[in-house]
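First up is the structure itself, then whatever we jot down about it.
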Amino acid sequence: MEALQKSLQDFDKKLDGFIKSSNEEAQSNAKLGRENKSAMETLNKQAEELQERLADVEQKMSARGDNEEPVLSMGEQIAKSADYESFIKGSSNKMTLEVKNTLIGNDSTVAPDRRTEIISGANRRLQVVSTMPNIPTSSNAVEYTRENVVVLNAAEVAEGSALPETNITYELVSTPVRTIGHWIKLSKEVIADAPALAAHVNTRLMYGAELRLDGQILNGNGTGNNLSGLGVSGNHTAFTAGAGSKPIENLRRAMGLVEASEYMPSAIFMNSADVVDLDLEKGTDDHFLAGNPRFVISATAWGLPVIKTNAVPPGKFFVGAFDMATALNMREGVSISMSESDDTNFTSNLVTVKADLRGALSIYRPAAVAYGDLTA
């Protein structure tokens with residue numbers, strides 16, 4: 001069909017040229033010359049041949065009827081494109097392809113409005129990491145020296161008297177760099193035919209690694225390959241709620257515990273459900289203590305921002321000067337790798353997609369973080 005269309009286009013060009021040439025000759029000589037007369041006979045013959053070919057094509061198209069070629073999906077269009085083949089082979093470092101509208105077949109007169117994006121599930125906001133400094137490392141472990149016991153005995157003395165001695169002991173702390181990651185297997189067909197799906201999987205894998213890191217900062221138990229998180233004994237100052245005390249009171253008392261150690265708290269970490277209970281507390285006259293629900297109520301408690309995250313166990317909370325107490329030491333940010341050389345991938349036409357990161361958590365000042373129960 002494409003060849004026939006090209007022949008028709010070439011014939012139109014020749015015909016236009018002949019008409020122009022004939023008009024010029026007729027105007028000058030009042031008749032056609034031998035060359036133009038011969039050209040006219042040739043064009044007539046070509047026109048007859050094209051008519052026969054066109055009739056033959058129309059008959060074949062009519063005979064085809066319902067057996068027309070299937071409409072290619074978007075993935076099939078991409079997989080069959082020359083640009084995509086060059087991209088896969090490494091001949092080109094980018095690919096641009098205009099995908100044609102995809103129809104659903106002859107059994108429907110209305111094509112569906114296909115959305116190209118992948119609808120993902122819920123993503124937790126990763127806010128714990130944002131409260132602490134990020135100090136990169138190039139090693140497999142991070143060591144630092146911190147004060148252990150400090151007794152400052154500076155005092156006024158009489159003339160000629162000895163000055164008092166101050167006692168400071170130090171300890172060397174080593175925190176190993178841990179690897180956090182996961183993987184999934186995709187068929188080569190999915191990667192070739194559904195690039196949007198493959199890209200979505202990559203994004204979800206990256207998010208999963210970062211989500212685990214966010215939780216490990218608070219809840220890592222320090223055993224095996226886990227980070228030693230803020231909730232581990234020795235990494236914080238334990239807070240004990242008084243009998244009959246309310247959550248809002250205990251938040252303030254925990255702030256006071258940190259302030260008593262000469263640190264200024266910077267944030268509060270709470271479970272989302274506990275923040276809801278805090279917002280819905282009422283006074284004796286049944287009004288909401290957090291403020292008028294018709295207006296915007298800032299997520300704060302006693303002047304500190306409240307970070308809502310389900311990484312905090314229900315009923316627990318953290319209060320601390322996180323900008324001074326901790327540091328995240330990233331060896332490698334989250335990265336995506338793909339390989340066919342894993343297990344039976346090569347013979348099964350599978351690709352393993354892996355996302356991982358490497359990092360350590362340094363806790364410089366445990367006294368700057370309070371952790372405990374909201375109620376007794």
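The values are calculated or read from the model by the stated rules, or taken from the named source; none is laboratory data. A quick note: this is a predicted structure, and the numbers were derived from the prediction, not measured. Positions of Cβ are generated from backbone atoms using ideal geometry, with glycine treated the same way; all protein chains shown enter the neighbour counts.
Scan the stretch 302-313 residue by residue and report those that are of a type in the set (A, V, I, L, M, F, W, C) and either modelled with pLDDT under 95 or in a loop (DSSP other than H, G, I, E, B) (or both). It would help to see each step written out before you state the result.
Of the residues in the stretch 302-313, the ones of a type in the set (A, V, I, L, M, F, W, C) are 302, 304, 306-307, 311-312.
The answer is TRP302, ALA311, VAL312.
Filter the stretch 233-255 down to residues that are in contact with a strand residue (DSSP E or B) (Cβ under 9 Å, 6 or more places away or on another chain) and either over 24 Å from ASP214 (Cα atoms) or in a loop (DSSP other than H, G, I, E, B) (or both), then give me how many there are. Working first, answer last.
Within the stretch 233-255, the subset in contact with a strand residue (DSSP E or B) (Cβ under 9 Å, 6 or more places away or on another chain) is 234-241, 247-248, 250-255.
Okay, now just the ones that are also either over 24 Å from ASP214 (Cα atoms) or in a loop (DSSP other than H, G, I, E, B) (or both), so 234-236, 240-241, 247-248, 250, 252-253.
Within the stretch 233-255, residues that are in contact with a strand residue (DSSP E or B) (Cβ under 9 Å, 6 or more places away or on another chain) and either over 24 Å from ASP214 (Cα atoms) or in a loop (DSSP other than H, G, I, E, B) (or both) number 10.
List, please: which pairs have Cβ atoms under 6 Å, are six or more places apart or on different chains, and start with a residue in the stretch 215-235 that is within 17 Å of GLY372 (Cα to Cα) and end with one that is surrounded by 14 or more Cβ atoms within 10 Å (Cβ to Cβ) and β-branched (Val, Ile, Thr)?
ILE217/VAL128; GLY229/ILE217; LEU230/VAL369; ASN235/ILE363
What residue, of VAL201, VAL190, is among the aliphatic types (A, V, I, L, M) and farther than 30 Å from LYS308 by Cα?
Working: VAL201 fails: farther than 30 Å from LYS308 by Cα.
Result: VAL190 is the single residue among VAL201, VAL190 that is among the aliphatic types (A, V, I, L, M) and farther than 30 Å from LYS308 by Cα.
Which residue is surrounded by the most Cβ atoms within 10 Å (Cβ to Cβ), if the candidates are limited to the stretch 202-229 and must be in contact with a strand residue (DSSP E or B) (Cβ under 9 Å, 6 or more places away or on another chain) and assigned to a loop (DSSP other than H, G, I, E, B)?
My answer is LEU227.
In the stretch 125-182, which residue that is of a type in the set (S, T, N, Q) and over 44 Å from the mean Cα position of the chain (by Cα) is farthest from LEU361 (Cα to Cα)? Reasoning before the result, please.
Of all residues in the stretch 125-182, those of a type in the set (S, T, N, Q) come to 127, 130-131, 134, 137-140, 145, 148, 153, 161, 166-167, 169, 174-175, 179.
Restricting the remaining residues to those that are over 44 Å from the mean Cα position of the chain (by Cα) gives 153, 161, 166-167, 169.
Working: ASN153: 33, SER161: 46, THR166: 31, ASN167: 28, THR169: 23 Å.
Residue satisfying both the conditions and the ranking: SER161.
Could you please let me know if GLY215 is under 29 Å from VAL353 (Cβ atoms) and modelled with pLDDT of 95 or more?
Values: under 29 Å from VAL353 (Cβ atoms): yes; modelled with pLDDT of 95 or more: yes.
Yes.
Just one of the numbered conditions (1) touching a helix residue (DSSP H, G or I) at 6+ places or on another chain (Cβ under 8 Å); (2) at pLDDT 95 or above is not true of ARG114; which one?
(2)
Just to be sure I understand, how many residues within the stretch 256-280 are within 30 Å of THR175 (Cβ to Cβ) and in a loop (DSSP other than H, G, I, E, B)? Before you say what the answer is, go through the steps one by one.
Step one: of the stretch 256-280, the residues within 30 Å of THR175 (Cβ to Cβ) are 256-272, 274.
Those still in the list that are in a loop (DSSP other than H, G, I, E, B) too: 261-266, 271.
Count: 7.
Hey, any hits in the stretch 281-300 for a residue that's among the aromatic types (Phe, Trp, Tyr), in a strand (DSSP E or B) and crowded, with 19+ Cβ neighbours inside 10 Å?
Residues of the stretch 281-300 among the aromatic types (Phe, Trp, Tyr): 288, 295.
Add one more test, that the residue is in a strand (DSSP E or B), and what stays is 288.
Within this subset, residues satisfying the condition of being crowded, with 19+ Cβ neighbours inside 10 Å are none.
No, the stretch 281-300 contains no residue that is among the aromatic types (Phe, Trp, Tyr), in a strand (DSSP E or B) and crowded, with 19+ Cβ neighbours inside 10 Å.
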